[in-house]
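J.: First the structure, which I've put down as C-alpha cells, then a few questions once you've had a look.
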Amino acid sequence: MRAFQRGRGLTESGICDTHTWAALVEASWKLGDRPLLLTSPNLRGDDIAELQSRLARLGFDCGRVDGTFGPRTNRALVDFQSNCGIRPDGVCGPRTVRALLVVSTQTGDGPGVGAVRDRERLRLGLASVADCRLVVGQYGGLSSVTRSLAGELRRRGATVMPLDEPDAVTQAVAANHFNADAYIGFEAHTDAVAVAYFYQVPTYESAGGRALAELIVTQLSATDLFTGTGVLRPSARGMRLPVLRETRMPAVLLQVGPVRAATDASPHLAASVLRAVELWTLSGGH
C-alpha cells in the first residue's frame, strides 16, 4: 500500500483512505477500456491522463495532465478529431483511440503544449504582488500563520482569500472560483518537517508550482526557524495531493511541524513565504 501511495504521489500512510481508494480505481483504467467523454461529474482515470498526455504532445491543449475529463480536454479532443477526419463528437471511442495511437508514434516524449504554455506564462510573469489574486489556506492548527501572511499580502496590495475549510477539494474549488493566480496552503504536522509540495505526475508538472515551492524552500533555508526542531533542511517535492491536483493555478502546500514550533514562528514563517511570493512575481517564476 505504501509503495502504491508513493508511486501515485499520495501521503504514505499505509491506510486505504478515500484518496487512496480513488487512486486505485483510477489506476485500473487503460486507454481504450471505455468511451471517454464529458460527463457530470467528470470521468477520472489513468486512461484520461494518457489521452491528455498524447493530445498535449500533438499540440492539442488539454491544460494540465490531471486524469480528469473536463471541458478543456473535451475541446482538445474535438479539435483532434476534426483534424483527423473523425466525426467531432467529443467521444474518445475505438476509432479515435486508434487514430491517436497511430499519430502519436510521430511525436517525441516531451512535456506537451500545456507545459510549454505554463512556462511562457511564467516568463511573462506579473508586475508585482499587488497584481495578484492569492488564496491562502490552512488545514488546522496554523491559522496564525495564514493570518500573518494574508495581512502582509494585503498591505502590499494583493487581493487575498483566506480559507480554513478542512477539506482539500473544497479549498481547491474555492480557489478556482476565485480565479486565483496562486494557491498557498499550510498543513500542520506532528513531526519535525518542512516540505513544500507542488503538483507533479510522471508526464506533467506545474512549472509555476515548482518555481514557487523552490523559492519558499530557499527562503526558509535562509532562516533559523527550525533550529533545534530536528529539521535538517526544508525541501520541495512534486506530489499528486488532492489540493494540488484540483487547483487550476500554480499551487504549493507547505507542510510544517512540529505544530508548536511553527505556531511560535508564525510571523517569521509568513515573512519567508511572503518574500518567496514577491520573488516569484518579480522574476516571472524563474
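Any read-out appearing in this document is the output of simple, stated calculations on the displayed coordinates, not a laboratory observation. Note that the structure is predicted; figures quoted are calculated from it, not measured. Every residue, glycine among them, receives a Cβ derived from its backbone with ideal geometry; neighbour counts consider all protein chains shown.
J.: How big is D, in µm² s⁻¹, for the chain by Stokes-Einstein at 10 °C and 1.306 mPa s if Rh is the Kirkwood radius over C-alpha pairs?
T.: 80 µm²/s
J.: Considering Cα pairs under 8 angstrom that are at least six residues apart, work out the relative contact order of the chain and quote it in whole percent.
T.: 19 percent
J.: Please give the residues of the range 88-104, grouped as numeric ranges, whose backbone N is less than 16 Å from a label point set 7 Å along the Cα-to-Cβ vector of Arg34.
T.: 91-94
J.: With a ≥ b ≥ c taken as the square roots of the eigenvalues of the C-alpha gyration tensor of the range 121-282, please select rounded if a/c is under 1.5 and otherwise prolate if a/b is larger than b/c or oblate if it is not?
T.: Judged from the Cα gyration tensor, the range 121-282 comes out rounded (a/c under 1.5).
J.: Multiplying the sequence separation of Asn42 and Asn179 by 0.36 nm and subtracting their Cα-Cα distance, what value in nm do you get?
T.: 47.3 nm
J.: Placing +1 at every Lys and Arg Cβ and -1 at every Asp and Glu Cβ, with all other atoms neutral, what dipole size does the range 133-286 have around its Cα centre, in debye to the nearest 20?
T.: Dipole of the range 133-286, to the nearest 20 debye: 260 debye.
J.: Got a sec? Which residues in the range 159-183 would a label at Arg248 touch, if it sits 7 Å along Cα→Cβ and we count backbone N under 17 Å?
T.: 169-183
J.: How do the peptides 273-279, 41-47 rank, highest first, by the average count of neighbouring beta carbon atoms within 10 Å per residue?
T.: Listed from highest to lowest mean packing, they are 273-279, 41-47.
J.: Moving on to the next point. Within 10 Å, count the other beta carbons around each residue, average over each peptide in 207-218, 190-201, 27-38, and list them highest first.
T.: Final packing ranking: 207-218, 190-201, 27-38.
J.: Suppose every Lys and Arg Cβ carries +1 and every Asp and Glu Cβ carries -1, with no other charges. What dipole size does the chain come out with about its Cα centre, to the nearest 20 debye?
T.: About 540 debye.
J.: Also, I was wondering about something else. At 0.36 nm per residue, and after removing the present C-alpha to C-alpha distance, how many nm does the segment from Arg133 to Ala222 gain when stretched out fully?
T.: 29.4 nm
J.: What's the magnitude of the charge dipole for the range 13-110 around its Cα centre, counting Lys and Arg as +1 and Asp and Glu as -1 at the beta-carbon? Answer in Debye, nearest 20.
T.: 320 debye
J.: OK, next. If I model a spin label as a point 7 Å beyond the Cα along the Cα-Cβ vector, how far apart are those points for Thr105 and Arg233 in nm?
T.: Each label point is offset 7 Å from its Cα along the Cβ direction, giving 4.6 nm.
J.: Just want the answer: with Cβ charges of +1 for Lys and Arg and -1 for Asp and Glu, which residue in Asn83, Val102, Leu37 is farthest toward the dipole's positive end in the range 13-110?
T.: Asn83
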